[in-house]
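Remarks on the structure that follows.
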Amino acid sequence: MRNGLLSAVVATALVLLCSGTAGAQLIYGMEGGTPTSPDGFGPNGGGVTIAQSPVVGATQGTNSMSVTVVTGATFVGALTSNLPANLTPPLPNQTITFDYTLTAPFTGGFEVLGITMFGSNAPLSQFGLQAQFAPLVHLEGKAPGTYTGQIALTGATNPLTFTTNQSYNDIFTSGTPDASHLNPSGFEFFLNKSNDAPGLVYIDNVRFVPEPASLSALALGGLALIRRRRA
């Protein structure tokens with residue numbers, strides 16, 4: 001019985017660690033909005049079409065967001081100015097996880113997906129100041145299928161001070177903005193590709209996932225409980 005309980009705890013911990021879904025806090029589920037503006041996302045830049053796409057790419061629920069880049073566009077985005085409350089700084093977890101689906105391989109040289117956070121420190125300046133976060137998710141060379149991507153909101157350049165390697169929490173504030181801090185005003189997925197090849201990606205279930213350390217602590221706590229029962 002004890003061995004069975006131990007196995008169950010270890011197996012559960014492994015599933016939580018590998019799946020990255022346990023305790024996830026949803027930011028955008030792509031279920032709301034309109035057919036041309038899922039969860040408030042719309043095109044940022046010419047040559048991109050944003051739409052709510054039933055079933056295709058959806059890993060939970062019934063919809064995902066399709067980002068279609070026509071031939072000729074090389075750097076475009078899917079931008080929303082409707083920020084949910086769980087993006088209010090400071091963020092307890094500065095890594096954003098999301099699911100993305102490719103229905104055909106990219107035919108160009110490179111295609112990467114990244115995150116930009118927009119902000120303002122009005123009345124000093126208005127919406128439009130931005131911080132781009134990396135590492136980028138590379139889409140080129142991948143077979144059709146659904147994948148999980150992660151982008152850490154760290155390592156950006158502060159658009160107010162040009163200080164490099166700053167995090168979301170360093171740049172954005174929920175209080176009164178000043179000469180080095182912005183109020184967040186927009187969230188964007190951007191696509192950057194190398195040439196005129198068209199691109200298409202479906203994005204779904206944008207979320208915060210508990211840090212691996214917290215999941216490991218959960219597993220260790222279960223093991224400690226078993227040891228106490230054995231004592």
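FYI, it's all coordinate maths here, none of it is from the lab. All figures in this text were calculated on a predicted structure; none of them were measured in a lab. Neighbour counts are summed over all protein chains in view; Cβ atoms, including those assigned to glycine, are modelled from backbone coordinates with ideal geometry.
Under the convention that each Lys and Arg Cβ holds +1 and each Asp and Glu Cβ holds -1, the size of the dipole of region 24-209 around its Cα centre is about 60 debye. Taking amide H as placed 1.01 Å from N in the peptide plane, the amide H of Glu111 sits under 5 Å from that of Leu139, Glu140, each at least 5 places away or on another chain.
Exposure proxy for Asp178, Asp204: other Cβ atoms within 10 Å of each Cβ, ordered fewest to most, give Asp178, Asp204.
If you take all other residues with their beta carbon under 14 Å from the beta carbon of His138, and give Lys and Arg +1 and Asp and Glu -1, the sum is 0. A simple spin-label model places the labels of Ala197 and Val56 1.9 nm from each other, with each point 7 Å out along Cα-to-Cβ. Residue order for Phe41, Phe208, fewest other beta carbons within 10 angstrom first, comes to Phe208, Phe41.
A full extension of the chain between Val112 and Thr71 corresponds to an added length of 13.2 nm, given 0.36 nm per residue minus the alpha carbon distance.
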